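Let me begin by presenting the structure, written as structure tokens, before commenting on it.
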Amino acid sequence: MGKSSVYNASKQQYPPTFKLFFFFLPISLAITSFLLIFIYIYTTSKLSTDPQSSPFLEPATNFSLFDLIIPGSTDYETIQFSIDNTAEDLFFDLPRTSSYAKPNQWFLGDLFGFTGNTLNNTEIYHDTDVFLEDYKEMNKSFKIFVYPHKPDDPFANVLLPEDYNPEGPYTSELYFKKALFNSHFITKDPNEAHLFYMPFSILHLRHDPRIGPEKLQDFVKDYIFNISHKYPFWNRTGGADHFYTACHSISEIAMDKTVEAKENSIQLVCTSTYFVTGYFPHKDVSLPQIWVKKHDPGTLVSSKRNRLAFFAGRVNSPVRAALFKHWVNDTEIFAHFGGLETNDGKEQLRSKFCLHVKGFEINTARVTDALHYGCVPVILANHHDLPFTDILNWKSFSVVVHYMDVPVLRKILQGISFEELSWLQSNVMKVRKHFEWNVPAVDYDAFYMTMYELWLRKSSVRV
């Protein structure tokens, strides 16, 4: 009797509609997924975007930046190229819009409400609470061991900090070293140190007649050989908990004879771009290039800024050549060939936007100048790892523009609303303190922000 009941139950027939439901369900899901993928590809593909539909684009194909050189006024052979950046300099990507260009109305994120309003992107820190709390912990417990050198060392000028305030465009490494030596982060006990500092100055090595560019690599190689044999700390991690500073672009080749240092050690450098050989974002640190000013600009009232944008500099890259071709005679964008007679900040103070256009190398001197004078920086330097990106939300106080958008730069900047410009200018005033060297160092200035970047890179496992 029991067997008969089980047998009859197993032979039970389901209605036809029930079977059809389970037959068509996976097919319907597959078709729906295919349609969504097709819509996404179609609406976001650069190849299917009509250039005329965007107010910030002109019809274009993948072409050389030489097509934008100033005709008749600039000889191609006079444009200098960085060896590592040649590929980046010579060719644009396919057409693309600026971060302020209006997105395609059928973008998949808009269909489902995933994209946000730019006005929600006004916080200068990625996460203010986390940063402030972790900054306190860094200030309290972070320890650095500096390899010791005596004042009578033959290379004391290279290894010890200056007793004066250095001047010039590459002195960020010197200001950092001077501040570190006088800070509470230094420990004489290497066993409690989180990181180890190799205090040689690339800038001074370059100008030292005993070393110079020709023997720079050998000096660094010998220095690391000596500390790795005299102390046990380098060999424990292969130099992964060691760091050095360099603001001159010659630092790109300084470690060429010490591959272990290039791949493992933390580099604090001003030329921080993904195209530089040996620079590794997230391992290395982008050091802001700050040309220390002797005088404070005083009032930075935005109402007196009656010019749209400002740039002055040499034509030493195709990007700058393109800028001058399109805007050298413009009434809204002041593009000046060469340096100004007086670099007193007068032009920056009367401009709403100050252009940072990649030259022979990528650095941030014009960005920090713009911030110093309360001018909103416009970044025209593709693939630039900007300073303090782990902490600061650059979209909240600057405008990042792709090389391809040079011909429509004025339209992009004029398209920024008064409300957007107001909070950009307001945030510029908030972040200025992070891009200043002070003697002695002051909380949240460039030294402390750089220390926090190092704090983020300290090993989570003590050796």
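The values are calculated or read from the model by the stated rules, or taken from the named source; none is laboratory data. What you see is a predicted model; the values in this text were computed from it and never measured. Cβ sites come from the backbone with ideal geometry, for glycine too, and all protein chains shown count toward neighbours. Accessible surface areas use protein heavy atoms only, side chains included; no ligands, DNA or RNA. Shrake-Rupley method; radii C 1.70, N 1.55, O 1.52, S 1.80 Å.
What to note about this one:
- Charge dipole magnitude, Cβ of K and R +1, D and E -1 - the stretch 302-435, Cα centre, debye nearest 20: 240
- Computed FRET value (nearest 0.05) for GLU332 with SER422, which takes r as the C-beta separation and R₀ as 22 Å: 0.70
- Radius 12 Å from Cβ of TYR444, net charge of other residues (Lys, Arg +1; Asp, Glu -1): +1
- Gyration tensor verdict on the stretch 134-251 (Cα atoms; rounded if a/c is under 1.5, prolate if a/b is larger than b/c, oblate otherwise): oblate
- Summary of the geometry: the stretch 155-226 and the stretch 353-401, compared by the centres of their Cα atoms, lie 26 Å apart.
- In this structure the stretch 302-435 gives 36 Å² per residue of accessible area when probed at 1.4 Å with all protein chains present.
- Cross-link partners of LYS304 among lysines (Cα-Cα below 20 Å; sequence separation of 8 or more within a chain): LYS346, LYS352, LYS430
- Electrostatic bookkeeping for ASP134 treats Lys and Arg as +1 and Asp and Glu as -1; over the other residues with beta carbon under 15 Å from its beta carbon, the sum is -3.
- Three-way shape call for the stretch 368-463 based on the alpha-carbon gyration tensor, with the a/c threshold at 1.5: prolate
- Accessible surface of the stretch 302-435, 1.4 Å probe, proportion on carbon and sulfur as whole %: 48
- Spin-label pair THR128-HIS282: with each label point 7 Å from Cα along the Cα-Cβ axis, the two points sit 2.8 nm from one another.
- Shape category assigned to the stretch 302-435 from the gyration tensor of Cα positions, a/c cut at 1.5: rounded
- Among 414-426, 310-322, the order from most to least packed when residues are scored by Cβ within 10 Å on average: 310-322, 414-426
- Set of lysines near LYS221 by C-alpha distance (under 29 Å), chain-local residues within fewer than 8 positions excluded: LYS143, LYS150, LYS177, LYS178, LYS188, LYS230, LYS257, LYS262, LYS283, LYS458
- Annotation note: trypsin sites (Lys or Arg not before Pro) in the stretch 367-463 located in DSSP loop regions with a Cβ neighbour count of at most 13 within 10 Å are ARG462.
- Rounded to the nearest 0.05, the FRET efficiency derived from the C-beta distance between THR299 and ASN182 at R0 = 25 Å is 0.20.
- 15 Å beta-carbon shell around LYS433, net charge (K/R +1, D/E -1): -1
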